[in-house]
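Step one of this worksheet: look at the structure below.
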Amino acid sequence: MSANQTFVIVGGGLAGAKAAEALREEGFGGRVVLVGEEDVAPYERPPLSKDYLRGEAGRDAIWAQEEGWYDDHDVDLRTGTRAAELALGSSEVVLDGGGRIPFDRLLLATGSVAKRLPIPGADLDGVRLLRTVGDSDALREALQPGVRLVVIGAGWIGCEVAASAKQRGAEVTMVAPEDVPLERVLGPEVGAVYREVHASHGVELVLGTGVEAIEGDGRVTGVRTSRGRTLPADTVVVGVGAAPRLELAEAAGLDVKDGVLTDDRLRTSQPNVFAAGDIARAQHPLFGETVRVEHWGTALEQGPAAARNMLGRDIAYDRVPYFFSDQYEVGMEYAGHALSYDRVVFRGDPSTFEFMAFWMRGNRVAAGINVNVWDVNEQIQALVRSGATVDDEALSSDADLGSLVQ
Ligand SMILES: Cc1cc2nc3c(=O)[nH]c(=O)nc-3n(C[C@H](O)[C@H](O)[C@H](O)COP(=O)(O)OP(=O)(O)OC[C@H]3O[C@@H](n4cnc5c(N)ncnc54)[C@H](O)[C@@H]3O)c2cc1C
């Protein structure tokens, strides 16, 4: 690649920062511009609902790159700068305020935004979302001992915030329409384990119940459920999922369908434009369909993979989707892609919160989880990747997982 070329990355999150790193690691000697609308350098979001939220880790623990890295690697980091438009005809990124950056290759890594609830009271003071480091700072301030927190939503953010708030001494109620936490991703069987995890730590679970309104006069005082009950609240966290930030891609006419559609090289419908991280819905060679994964591991790996393909390396992105979560003393890792499955096979006793579980499609492992069991996730990934036929008995026994991969 010519040293006269300019590669622009729009989106200063983990995928963007890791893409810039890979460009330099691969020896790209041209100009790299990283455009991010937040006022701070790229950072990792997982701590924002965990140790950073609890005040146990500081900002120095969250940066995607060490201090000075961007200067040292001649990466033109533009924080506080929003890309307003992609002028694909002239291959330029148009910035808020009118500046234009011409590019030879463009990476879109604009991430996600936390969804809001379209109900009365959603704008009251004390009703919070959690996406940015500023959101986490403000929430930490609010989570004082004894404060009454209602978490709306029982997904990853809701569960992790509930756990961290409990650890900070708040009184926590979680309300959600699902019957068990994390039901959408983990299903009822493993979700039931997480119901016990939270119940055993004193979270009041109001499940199978929607939310009709947030009550208060200027400031929140409670959450009214669809069953007419009011849950008293000093603070409310709305954790009802995230939506990919597709506005630039859509306006530019890129192919978009719940994500920016890419091939397995992370190339969008425009040959010199790539996408990575939360916004990318990429063709996945293992699954034969497009997959969009809103998780740390994908941002970490897809940013560099896209960067290499921007340099013409022509490598398919085929990693097994992976994510992790920490709630109280219960840590887990998940690998796979199990939107549908026939049954769940457990290894170990879930009531001890130390077990593995496998989501089966026929005799194949579609996904697996390890909860407080460590150094096995790579073997689970290998099982998923191999498509090996495995019988339930072997999976639930203590047979070495590696020996089940054919
Ligand atoms: C609180 C929290 C906890 C999480 N915990 C976990 C976890 O435990 N495990 C896990 O696997 N995943 C976790 N995740 C998910 C993980 O953090 C995301 O998948 C990851 O951040 C995605 O990285 P990204 O670079 O694609 O997008 P983002 O991190 O969203 O970064 C995108 C950036 O682009 C910027 N941007 C958007 N539009 C523009 C524009 N037009 N111009 C300039 N800049 C723009 C945004 O402001 C943002 O800074 C968590 C997420 C949150 C919010």
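Quick look at the numbers
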quantity	calculated
Candidates A242, A15, A367: whichever shows maximal mean-square fluctuation once the chain is modelled as a Gaussian network with Cα springs under 10 Å	A242
Fraction of antiparallel bridges per DSSP, the chain only, in percent to nearest 5	60 percent
Cα centre as origin, Lys/Arg/Asp/Glu Cβ charges: the chain dipole, Debye	820 debye
Cα-centre dipole for the range 96-207 with unit charges at Cβ (Lys and Arg positive, Asp and Glu negative), debye to 20	260 debye
Point-to-point label distance, S403-R24, nm (Cα→Cβ direction, 7 Å offset)	4.7 nm
Contour minus Cα-Cα distance for A61 and A243 (0.36 nm per residue)	62.9 nm
Solvent-accessible area per residue for the range 106-157 (1.4 angstrom probe, square angstrom)	41 Å²
D326 versus D76: modelled label distance in nm, points set 7 Å from Cα along the beta carbon direction	3.8 nm
Contour excess over end-to-end distance, with Cα ends at I119 and D255 and 0.36 nm allotted per residue	45.8 nm
Carbon/sulfur fraction of accessible area - the chain, other protein chains in place, 1.4 Å, %	44 percent
Most mobile listed residue (A305, A84, A64) in the chain, GNM with C-alpha springs under 10 Å	A84
Cα-Cα P(r), the chain, percent of pairs per 20 Å interval	26, 54, 20, 0
Fraction of beta bridges assigned by DSSP in the range 32-148 that are antiparallel (%, nearest 5)	65 percent
Antiparallel DSSP beta bridges within the range 248-305, as percent of all bridges there, nearest 5	60 percent
The chain: most fluctuating residue of A357, A299, A57 per GNM, C-alpha cutoff 10 Å	A57
Span from the the range 351-398 Cα centroid across to the the range 93-152 one, whole angstrom	35 Å
Positive dipole terminus of the range 171-323, leading residue within A243, V180, L231 (C-beta point charges)	A243
DSSP-loop trypsin sites (Lys or Arg not before Pro) across the range 155-264, with at most 15 other Cβ within 10 angstrom	R227, R229, K257
Cα centroid separation, the range 269-288 to the range 48-71 (Å)	28 Å
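The values are calculated or read from the model by the stated rules, or taken from the named source; none is laboratory data. Just so it is clear, the structure is predicted and the values come from calculations on it, not from any experiment. Backbone-built Cβ (ideal geometry, glycine too); neighbour counts: all protein chains shown. Quick note on the areas: whole protein, heavy atoms, side chains included, nothing else; ligands and nucleic acids left out. Shrake-Rupley method; radii C 1.70, N 1.55, O 1.52, S 1.80 Å.
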